[in-house]
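Heads up: the structure comes next, in structure tokens.
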Amino acid sequence: MQIKQSGVTVWFTGLSGAGKTTICRAVEKELRAQGCKIEVLDGDVVRENLTKGLSFSKADRDENIRRIGFVADLLTRNGVIVLVSAISPYSEIRDEVRHKIGDFIEVYVNAPLNVCEKRDVKGLYKKARGGEIKNFTGIDDPYEPPVNPEVECRTDREDLQESVNKVMNALNKYIVLPQLLSVNNNHSNIAV
Ligand code: ADP
């Protein structure tokens, strides 16, 4: 399928268990089905290679985000749709990355702490409450919610498809489907 796209980074931020990975993977599936060129940077995977060895101190968390942002920027500049899924608890570094990349959609994956804790997808909240894990976001480490995100998904109130649709709507201006391309060719004033 012929498709035109321009690069953009979609940055999913939120507490552990809020639904970042779930929404990110579902968006990935839709974009792939449309023939888009995309890359996923998942926080857990990145910490196994690109940022291996970094701790969960504020300085190392910021460094983690800075490195992910660097890669996302390179890809974005080369026309890729980059999906980043990482807790990214500090707003200052998120904003730094946003300004560096420019084409940036911040998705606040928002579910209350008690809901995330009840889900406890990876059993980490239990460990954090039990003192087995220190500096766990939401328990004994801060999470600074985005003030003005492009998209907010309330995963405790909306179903997965609603969240996915919100993200896809925000992505619309970066993707031009074939049927629209013929219209564009006639008017030739759309930037892609
Ligand atoms: P994170 O990547 O933020 O740590 P995950 O995506 O791994 O979170 O886990 C979120 C959990 O919440 C999954 O088990 C998912 O099935 C569940 N969930 C329930 N409702 C939603 C929703 N509307 N959107 C996303 N996830 C949801």
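No lab work stands behind these numbers, since they all come straight from the coordinates. Remember, it's a predicted structure, so these values are computed and weren't measured experimentally. Reconstructed Cβ throughout: ideal geometry from the backbone, glycine too, with neighbour counts over all protein chains shown.
The Cα atoms of segment 89-174 give a gyration tensor whose axes a ≥ b ≥ c have a/c of 1.5 or more with a/b no greater than b/c, which makes the shape oblate.
At a threshold of 8 angstrom on Cα-Cα distance, excluding pairs fewer than six apart, so keeping six or more, what relative contact order does segment 53-121 reach in percent?
About 29 percent, as a whole number.
Rounded to the nearest whole Hz, the Karplus-based 3J(HN,Hα) values (6.51 cos²θ - 1.76 cosθ + 1.60, θ = phi - 60°) of segment 107-119 follow the sequence 10, 8, 8, 10, 9, x, 3, 5, 6, 4, 5, 5, 5, with x at glycine and proline.
Protection proxy ranking for 50-61, 108-119, 5-16, using the average of other Cβ atoms within 10 Å per residue and placing the highest first: 5-16, 108-119, 50-61.
Residues whose amide H comes within less than 5 Å of that of Glu150, counting only those at least five positions distant or on another chain, are Glu106 (H built at 1.01 Å from N in the peptide plane). At 222 nm, what value in deg cm²/dmol follows for the chain if DSSP H runs of at least 4 each add -39500 (n - 2.57) and the sum is divided by all its residues, to the nearest 500? Rounded to the nearest 500, the figure is -13000 deg cm²/dmol. Spatially, segment 27-78 and segment 141-156 are offset by 18 Å when compared through their Cα centroids.
The loop-placed GluC sites (Glu not before Pro) in segment 7-113, going by DSSP, that have at most 10 neighbouring Cβ atoms within 10 Å of their Cβ come out as Glu48.
Note: relative contact order over the chain, using C-alpha pairs below 8 Å and six or more positions apart, is 33 percent. Couplings for segment 139-148, taken from phi via the Karplus curve 6.51 cos²θ - 1.76 cosθ + 1.60 with θ = phi - 60°, read 9, 10, 8, x, 10, 9, x, x, 7, 9 Hz in order; Gly and Pro are left as x.
Rounded to 0.05, the FRET efficiency of the Ser55 and Lys4 pair, given R0 = 45 Å and the Cβ-Cβ distance, is 0.60. Starting from the 7 Å offset along Cα-to-Cβ, what nm value, one decimal, do you get for the label separation of Asn78 and Asp140? Going by the 7 Å Cα→Cβ label model, 4.2 nm. Using C-alpha pairs under 8 Å with a sequence gap of at least 6, the mean separation divided by the residue count of segment 1-106 gives a relative contact order of 47 percent.
Annotation for Arg25 and Arg47: the two label points, set 7 Å from Cα along the Cα-Cβ direction, are 1.8 nm apart. Converting phi to 3J(HN,Hα) with the Karplus coefficients 6.51, -1.76 and 1.60 and the offset θ = phi - 60°, segment 76-82 yields 4, 5, 9, x, 8, 8, 9 Hz in sequence order, with x at every glycine or proline. Here's the picture: charge each Lys and Arg Cβ at +1 and each Asp and Glu Cβ at -1 in the chain, and of Leu41, Asn64, Val115 the one pushed furthest to the positive end of that dipole is Leu41.
Amide H contacts of Val10 (H built 1.01 Å from N, in plane; Pro and chain starts excluded): Val82, Leu83, Val84, Ile105 sit under 5 Å, all sequence-distant by 5 or more or on other chains.
The Cα-based radius of gyration of the chain, divided by its Kirkwood radius, gives an Rg/Rh of 1.00. Here the dipole of the chain is about 360 debye; that uses its Cα centre as origin and unit charges on the Cβ of Lys and Arg (positive) and Asp and Glu (negative).
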